[in-house]
Number of protein chains: 2
Amino acid sequence: MNRTKFLLPEDRIPTTWYNVVPDLPNGVPPLLHPGTKEPVNEADLEPLFPPGLIAQELTTEREVDIPGEVLDIYRQWRPSPLIRARRLEQALRTPARIYFKYEGVSPAGSHKPNTAVPQAYFNKMAGITRLTTETGAGQWGSSLALACSYFGLECEVYMVKVSYQQKPYRRGLMETFGASVTASPSERTEAGRAVLAADPEATGSLGLAISEAVEAALASEGKAKYALGSVLNHVLMHQTIIGQEALLQMELADDYPDVVIGAAGGGSNLGGLALPFLREQLGGGRAVRTVAVEPSSCPTLTKGTYDYDFGDTAGLTPLAKMHTLGHDFVPPSIHAGGLRYHGMSPIISALREADLLEARAVPQLDCFEAGVTFARNEGIVPAPESTHAVRVAIDEALAAREAGAERVILFTLSGHGHFDMQAYIDYFAGKLHN
Amino acid sequence: MNRTKFLLPEDRIPTTWYNVVPDLPNGVPPLLHPGTKEPVNEADLEPLFPPGLIAQELTTEREVDIPGEVLDIYRQWRPSPLIRARRLEQALRTPARIYFKYEGVSPAGSHKPNTAVPQAYFNKMAGITRLTTETGAGQWGSSLALACSYFGLECEVYMVKVSYQQKPYRRGLMETFGASVTASPSERTEAGRAVLAADPEATGSLGLAISEAVEAALASEGKAKYALGSVLNHVLMHQTIIGQEALLQMELADDYPDVVIGAAGGGSNLGGLALPFLREQLGGGRAVRTVAVEPSSCPTLTKGTYDYDFGDTAGLTPLAKMHTLGHDFVPPSIHAGGLRYHGMSPIISALREADLLEARAVPQLDCFEAGVTFARNEGIVPAPESTHAVRVAIDEALAAREAGAERVILFTLSGHGHFDMQAYIDYFAGKLHN
């Protein structure tokens with residue numbers, strides 16, 4: 001039998017997250033306080049995050065234990081499968097071996113619960129009763145809603161208005177998990193009111209929704225905290241559960257990747273898979289190429305500047321050293337909502353600067369074409385975000401065919417597209433453009 | 001560690017389907033030819049189905065080998081997980097142990113690919129190039145579309161018009177897998193034109209969509225065959241892969257069900273789980289209660305008559321001895337589209353007559369309430385059809401609490417509700433009624 005799935009039993013789930021910061025050649029530049037422009041300390045972050053997460057954001061430990069309560073929930077869907085895309089390989093007539101780590105098996109359908117669950121847990125431990133957040137495409141919002149339902153926390157989601165209107169199913173999912181969902185810009189915050197005053201028809205942006213969620217947490221007098229679904233160090237660390245598992249599963253497959261690929265919006269999906277493989281490389285193990293894929297319409301890594309910038313529109317968040325298109329960048333309306341962020345994780349940005357990571361920007365139509373090819377061979381309809389990784393995985397496989405060379409390709413299929421079928425419908429109808 | 005998931009490695013996937021017919025005390029009454037009213041023979045079925053499936057429909061063998069090509073595809077998502085619903089148990093404060101077999105992990109999100117894949121395979125083997133079918137909620141249509149894409153067959157789906165209009169995402173999914181989707185009633189068939197002539201605004205029914213799909217196959221001069229997603233003996237047999245796996249997984253859990261529960265529209269989901277457990281019982285093993293759950297708005301087993309009836313509106317299909325509400329029954333518009341069928345599998349009907357199966361009808365609002373409770377504890381949003389099984393599983397668990405008795409409950413969670421979120425949105429908005 002040619003094995004296609006490499007499953008770990010639930011008692012082999014990794015029990016630690018990996019923190020890449022101490023292993024990076026030049027470290028990661030610290031966050032700066034938005035007022036003083038000095039490196040943030042624990043007290044600076046306290047209005048936004050609970051102590052457990054602040055400690056993780058600032059830690060220099062390489063391995064951090066995953067709490068038992070978090071592992072108990074992870075085990076509802078983890079370890080996620082590593083799948084060999086044999087049918088896709090055949091269709092491409094490539095000598096390459098293509099593996100994907102499928103994160104769409106989570107209850108919210110993406111990798112986001114990997115960090116939503118520990119974030120909800122550490123807030124619960126700190127006595128917090130409500131979390132505020134933003135969401136674009138809705139993957140993060142629905143994941144935090146799910147995590148809050150597990151721990152009995154209220155969840156207040158600011159959803160970019162254009163998505164709120166176009167994605168009622170995502171909103172329905174969040175409400176099913178018990179969250180309250182508000183279209184952003186809203187009348188509930190100063191940041192929202194200011195935008196609406198200037199333009200009552202404003203459809204919002206992720207940067208603005210972050211401003212609203214942060215403002216709502218700051219105004220709660222300590223009852224609510226804010227949760228972010230990507231970018232920050234502790235978020236990438238939580239996502240390393242993906243790569244920790246994948247290392248064990250590649251061993252089961254008796255194989256090892258030459259190239260590791262992930263779509264990059266804020267960077268946590270890519271980092272989650274790639275960082276544990278980079279640890280092996282930095283520790284003297286086998287080298288892998290790591291490829292970050294971004295949409296050509298929001299080319300943060302390939303065309304942004306590497307500089308300190310705010311994470312949100314209103315300038316309420318700490319400043320992060322990152323590749324950025326500017327915090328007032330409003331990306332064109334494309335469907336890969338999860339990749340429409342002006343900035344990038346400081347860790348991913350530092351890897352790029354250290355030449356430990358390649359970045360590639362791909363146009364939308366090429367991504368959907370790859371997504372349909374993938375769906376028709378592997379049966380899974382990728383989320384529009386995930387089609388970016390599929391595109392580059394296919395390109396790598398075709399290059400291997402050209403070269404007549406074996407190549408082992410590993411990518412994250414970060415989520416399914418069940419809530420994004422309108423994008424596929426529009427693609428088939430010829431309504432999408434690059 | 002308290003285990004929550006019972007996974008089988010892919011090399012332990014069962015390699016046979018189970019055919020219950022020879023084990024039934026009084027057998028199953030044969031299908032009758034719609035013209036002659038005589039029991040059908042192989043030649044009668046040939047215009048509709050390929051030889052491989054006709055042989056399975058009529059076989060008296062107890063075990064039928066699963067072809068290697070089908071197993072290769074099954075292994076993309078099978079064995080599906082058996083999950084202990086520990087968080088739900090805690091929320092209900094019940095001494096019962098609740099297990100569910102989760103079929104939503106398939107690429108189409110339900111149990112339907114278990115039969116769609118072998119149906120496409122046997123048609124491919126017979127040189128057929130196109131399959132026609134009907135779909136209501138879209139679970140079956142998207143599963144056949146998927147299976148056809150695996151084998152390079154064309155797929156022509158007649159989708160009940162009300163669903164076609166209300167469920168664009170399901171349609172998008174079928175089109176992503178390469179199928180063509182036509183709203184039924186359509187102008188493409190006599191059956192459809194007759195209905196439209198009488199009522200141009202007709203929104204269709206499953207029985208009519210079946211008539212259109214059958215007519216399209218019959219008119220194809222042997223190039224196309226028809227595929228049915230439930231009801232028939234061979235369909236239930238394909239679905240027994242669910243129960244074959246569940247038996248092995250209950251062994252891993254060191255447990256055994258007292259009661260086995262499934263939602264029943266045409267009966268294949270329930271039969272798929274329950275029949276292998278019934279085999280054990282009929283062979284002298286431990287007895288289980290088997291409970292079929294249907295919507296009170298379409299109470300086939302609880303209020304239908306047990307009689308020969310057509311499977312479709314126009315009377316093109318063979319007659320089946322079954323519980324039926326009449327082939328011209330138009331069920332009220334409820335959201336559990338997959339349960340809105342006037343008839344029932346002859347096997348399930350025979351089991352009911354032999355008192356080997358209980359039937360229970362449940363109102364829609366009670367089902368959604370159960371679905372939301374399940375989602376907030378187990379993280380998975382059930383398909384509206386599946387909430388019927390969840391409702392009765394919860395009721396059984398609450399009864400166990402009342403009785404202060406241990407009870408082991410097993411049900412199929414036949415699919416997720418990702419394409420049905422509008423139903424949940426309507427439920428929260430108070431727009432649904434019993």
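Neighbours of A:TYR102 by Cβ distance under 13 Å: Lys/Arg scored +1, Asp/Glu scored -1, total +1. When chain B is treated as a Gaussian network with alpha carbon springs shorter than 10 Å, the biggest mean-square fluctuation among B:PRO257, B:PRO332, B:PRO14 belongs to B:PRO332.
Accessible surface of A:ARG3, taken over heavy atoms with a 1.4 Å probe and every protein chain present, rounds to 90 Å². The value obtained for the range A:1-108, namely the Cα convex hull volume divided by the number of residues, is 198 Å³ per residue. Unpaired cysteine residues in chain B (no second Cys Cβ under 4.7 Å): B:CYS298, B:CYS367.
Projected onto its three principal axes, the C-alpha set of the protein assembly as shown covers 89, 65, 54 Å, listed from the longest axis down.
Here, the range A:254-311 yields an orientationally averaged convex hull projection of 5.2 nm² when only Cα atoms define the hull.
Overall, the accessible surface of the protein assembly as shown at a probe of 1.4 angstrom is composed of carbon and sulfur to the extent of 48 percent. Rg/Rh for the range B:374-429: what does it come to with C-alpha atoms and Rh from Kirkwood? Rg/Rh for the range B:374-429 comes to 1.05. Rounded to the nearest 20 debye, the dipole size of the range B:338-434 about its Cα centre is 180 debye, using +1 on the Cβ of Lys and Arg and -1 on the Cβ of Asp and Glu. Relative to the other identical copies, A:ARG286 shows label-point distances of 4.6 nm, where the label point lies 7 Å from Cα along the Cβ direction and values run shortest first. Taking θ as phi - 60° and the Karplus parameters 6.51, -1.76 and 1.60, the scalar couplings of the range A:287-299 work out to 7, 10, 7, 10, 10, 8, 10, 10, x, 5, 7, 9, x Hz in sequence order, x denoting glycine and proline. Under the criterion of Cα pairs below 8 Å and six or more residues apart, the relative contact order for chain B equals 20 percent.
Relative contact order, whole percent, for the range B:1-127 stands at 31, derived from Cα pairs under 8 Å and 6 or more residues apart. Buried accessible surface for the A/B pair, both sides summed and rounded to the nearest 100, is 3900 Å² with a 1.4 Å probe. Enclosing the Cα atoms of chain A in their convex hull gives a volume equal to 130 cubic angstrom per residue. Entry for the range A:276-434 at q = 0.11, 0.14, 0.16 Å⁻¹: log10 I(q)/I(0) = -0.50, -0.80, -1.00, Debye formula applied to identical alpha-carbon scatterers, no solvent contribution. Chain A residue nearest by beta-carbon to the axis mapping A to B, with distance in Å: A:HIS418, 2.
Taking amide hydrogens as placed 1.01 Å from N in the peptide plane, the amide H of A:ASP307 sits under 5 Å from those of A:MET322, A:HIS323, A:THR324, each at least 5 positions away in sequence or on another chain. Close amide H contacts of B:VAL408 (hydrogens built in the peptide plane, cut-off under 5 Å, sequence separation of 5 or more or a different chain): B:ARG97, B:ASP258, B:VAL259.
Placing +1 on each Lys and Arg Cβ and -1 on each Asp and Glu Cβ, with no other charges, gives the protein assembly as shown a dipole about its Cα centre of roughly 180 debye.
Neighbours of A:ASP307, meaning other residues whose beta-carbon lies under 12 angstrom from its beta-carbon, give a summed charge of -1 when Lys and Arg score +1 and Asp and Glu score -1. About its Cα centre, the dipole of chain A is roughly 1160 debye, where the only charges are +1 on Lys and Arg Cβ and -1 on Asp and Glu Cβ. With label points set 7 Å from Cα along Cα→Cβ, the inter-copy distances at A:ASP254 are 3.3 nm, sorted shortest first. Less than 5 angstrom separates the built amide H of B:ALA85 from those of B:ILE98, B:TYR99, B:PHE100, all sequence-distant by 5 or more or on a different chain. Averaging the Cα positions of each part gives two centres, and for the range B:161-179 and the range A:408-425 these lie 18 Å apart.
Overall size of the range A:187-252 from C-alpha positions, given as principal axis extents largest first: 58, 30, 13 Å. For the range B:359-390, a decrease in accessible area of 20 Å² or greater in the assembled protein chains relative to the isolated chain, with a 1.4 Å probe, applies to B:ALA375, B:ARG376, B:GLU378, B:GLY379, B:VAL381. Would you tally the net charge around B:HIS111, using a Cβ to Cβ cut-off of less than 11 Å, leaving B:HIS111 out, and scoring K and R as +1, D and E as -1? Within the 11 Å Cβ shell, the charges total +1. Think of a 1.4 Å ball rolled over the protein heavy atoms: the range B:324-434 then has 32 Å² of accessible area per residue.
For the range B:338-387, the normalised intensity computed at q = 0.21, 0.24, 0.28 Å⁻¹ comes to -0.83, -0.90, -1.00 (log10 of I(q)/I(0), Debye sum over alpha carbons, equal scatterers, no solvent). For the range B:183-308, the ratio of Cα radius of gyration to the globular rule of thumb 2.2 N^0.38 Å stands at 1.40. Pairs over the 32 Å Cα-Cα cut-off, from the set A:LYS431/B:LYS5; B:LYS124/B:LYS161; A:LYS161/B:LYS5; A:LYS431/B:LYS101; A:LYS101/A:LYS303; A:LYS112/A:LYS431: A:LYS431/B:LYS5; A:LYS161/B:LYS5; A:LYS431/B:LYS101.
Along the range B:27-43 the Karplus relation, 6.51 cos²θ - 1.76 cosθ + 1.60 evaluated at θ = phi - 60°, assigns HN-Hα couplings of x, 10, x, x, 5, 10, 5, x, x, 7, 6, 8, x, 6, 10, 4, 5 Hz to successive residues, with x for each Gly and Pro. 3J(HN,Hα) couplings calculated from phi for the range B:16-25 with the Karplus curve 6.51 cos²θ - 1.76 cosθ + 1.60 (θ = phi - 60°) are, in sequence order, 10, 8, 10, 9, 6, 3, x, 8, 6, x Hz; Gly and Pro show x. Between copies, the label points of A:GLY127, set 7 Å from Cα on the Cα→Cβ line, lie 7.9 nm apart, reported in increasing order to one decimal in nanometres.
In the context of the full protein assembly, B:THR129 retains an accessible surface of approximately 70 Å², using a probe radius of 1.4 Å and ignoring ligands and nucleic acids. In the context of the full set of protein chains, residues of the range B:1-106 present 42 Å² of accessible surface per residue (probe radius 1.4 Å, heavy atoms only). Run the numbers on the range B:396-434: which residues show a drop of 30 Å² or more in accessible area, chain on its own versus all protein chains together, using a 1.4 Å probe over heavy atoms? Those are B:HIS418, B:PHE419, B:MET421, B:GLN422, B:ILE425, B:PHE428, which lose 30 Å² or more relative to the chain on its own. Taken residue by residue and averaged, Cβ atoms of other chains lying within 10 Å of the Cβ of A:169-175 number 6. Summarised as an ellipsoid, the range B:12-69 has semi-axes of 25, 17, 6 Å, derived from the eigenvalues of the Cα gyration tensor scaled by 5 and square-rooted, with the largest first.
B:ALA202 to A:ALA429: FRET efficiency via 1/(1 + (r/R0)^6), r the Cβ-Cβ distance, R0 22 Å, to the nearest 0.05? Given R0 = 22 Å and the Cβ-Cβ separation, E is 0.25.
Positive end of the dipole of the range B:111-220, charges at C-beta (+1 Lys, Arg; -1 Asp, Glu), about the Cα centre: which of B:VAL157, B:GLY207, B:THR176 has its Cα farthest in that direction? Checked the options; the winner is B:THR176.
The values are calculated or read from the model by the stated rules, or taken from the named source; none is laboratory data. Since this is a predicted model, take the numbers as computed values, not measurements. Cβ coordinates were reconstructed from backbone atoms using ideal geometry, including for glycine residues, and neighbour counts include every protein chain displayed. Please note that ligands, DNA and RNA were not included when accessible areas were found on the heavy atoms of the full protein model with its side chains. Shrake-Rupley method; radii C 1.70, N 1.55, O 1.52, S 1.80 Å.
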